[in-house]
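A short worksheet on the structure shown next.
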Amino acid sequence: MSIRRNLSERQKIIAGVVVAVFVLIIVYAITASIQRAGKIKTTIKYAPYTATIKLNDTRVANNATVWLEPGEYHLTVDLNEHLESYQEDIVISEEYNSIIGTLAALDEEGEKYISAHTTDYTDAEGYISRVLNQEGNKLREKYPILKYIPINTSLYSISYQEAEDGHPIVHIKADLENLDVAVAKLKSFNVALSSQDLVFDTKSPFKKAVSNPIKDPIEFIKAAYSLSDKYKIYEGSKNDDYYYAVIYKSDYKEDFDYAHYRVILKKNTENNNWEVLYAPQPLFTTYNTKDISVEQLDTINSY
């Protein structure tokens, strides 16, 4: 036995509304998906949130999520004469998908304005901290050696900062006598330093190399850097048109060798003379030695 039930007029209206809403949701989702195709979901939080945000002179919403085409933009942020305006060329990408910051006060009126919008600043600064923490974690995952930095001892300190292109610059602060100790510490973590696209920043004792026609690579290095008798050079290794060597200082009185710097030469095929391809570094990585394989870098870094 079947029971037939007729919908009331009210029920029909409700059902129609539900179907219409459902259809609208689907249409909106499809339209939004099409409009957002290829765009980057970007968070904008620039305190105070009453500030005007413009990208390439086009105004965008503040304290909001927007979808932007990936690429370069000129960012301007301003509000009034009491708060400092800000502008910068930025890049929006999957990796850099937020526009965040705060405007500083220029005078007492600006300070008052900031005090009246404390909630905006607290929210923006909290978001900035989370983003920086996330970026720091991503950087440490990409460059594992950063997990062990900073290091501070009485003999040396090792720190890092992120360059504009996203690569870490590792700063080693040490007297020449303690440079090797700092480098040995970095090597002790069993991280593949050669392949990590790192830039090692140290105070180099060497001036710019001077070209010379000497055929012997060791004598060429001595002449190129006008090395005194205090400097010695390990017998290097030749690989095709490349020559790898290590310059170091020697203290005869203390029987102490220190400040080992690697250097890479390349033979000029036109005149058969040596040229300094990469200036002396405590360690080489793929970042500043694009023509050298990781295996070769591992070899010279192991000296």
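Bear in mind these aren't lab numbers, they're just calculated from the coordinates by the rules spelled out. It should be emphasised that the depicted structure is a prediction, and the values quoted were computed from it without experimental measurement. Every residue, glycine as well, gets a Cβ built from its backbone with ideal geometry; the counts of neighbours run over all protein chains shown.
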Placing +1 at every Lys and Arg Cβ and -1 at every Asp and Glu Cβ, with all other atoms neutral, what dipole size does segment 144-201 have around its Cα centre, in debye to the nearest 20? 320
Given DSSP loops and a limit of at most 13 other Cβ atoms within 10 Å, what is the longest stretch of the chain that contains no such trypsin sites (Lys or Arg not before Pro)? 40-202
For segment 217-301, the dipole about the Cα centre with charges only on Cβ (Lys and Arg +1, Asp and Glu -1), to the nearest 20 debye, works out at 180
In the chain, with Lys and Arg counted as +1 and Asp and Glu as -1 at Cβ, which of these residues, T43, Y160, T76, has the Cα nearest the positive end of the dipole, that is, farthest along it? T43
To the nearest 10 degrees, the tilt of helix 176-187 (Cα long axis) against the first principal axis of the alpha carbons of the chain is 50
Just to confirm the filter: which GluC sites (Glu not before Pro) across segment 187-289 are DSSP coil and have at most 14 other Cβ within 10 angstrom of their Cβ? E235, E254, E270
May I ask you to give the average projected area over all directions of the convex hull of the Cα atoms of segment 217-301, in nm² rounded to one decimal? 5.7
Before anything else, pin down the relative contact order of segment 40-141: Cα pairs under 8 Å, at least 6 apart, normalised by residue count, whole percent. 27
So the compactness index of segment 55-106, its C-alpha Rg divided by 2.2 N^0.38 Å, takes the value 1.19
Which FRET efficiency, nearest 0.05, do D78 and S195 yield, Cβ-Cβ r, R0 51 Å? 0.70
Report, to one decimal in Å, the Kirkwood hydrodynamic radius for segment 40-141 based on all distinct Cα pairs. 14.2
Calculated log₁₀ intensity ratio I(q)/I(0) where the Debye formula runs over C-alpha points of segment 144-201, q = 0.12, 0.21 Å⁻¹: -0.26, -0.79
Distance in Å, no decimals, from the C-alpha centre of segment 151-219 to the one of segment 261-283 is 17
With bins of 20 Å, the percent of all Cα-Cα pairs of the chain per bin from 0 is 23, 35, 28, 10, 4, 1
Extension gain E88-E108, at 0.36 nm per residue separation less the Cα-Cα distance, in nm? 4.6 nm
Size of the dipole of the chain about the Cα centre, Lys and Arg at +1 and Asp and Glu at -1 on the beta carbon, nothing else charged, in debye to 20? 1420
Tell me the label-point distance for the pair N137, N212, using the 7 Å Cα-to-Cβ offset, in nm and rounded to one decimal. 5.4
Calculate the spin-label point distance for N268 paired with K203, positioning each point 7 Å from the Cα along the beta-carbon direction, and give it in nanometres. 3.3
Inter-label distance for E125 and T52, nm, one decimal - labels placed 7 Å from Cα along Cα-to-Cβ: 2.7
Specify whether the C-alpha gyration tensor of segment 92-159 places it in the rounded, prolate or oblate class, a ≥ b ≥ c being the square roots of the eigenvalues: rounded for a/c under 1.5, otherwise prolate if a/b is larger than b/c and oblate if not. oblate
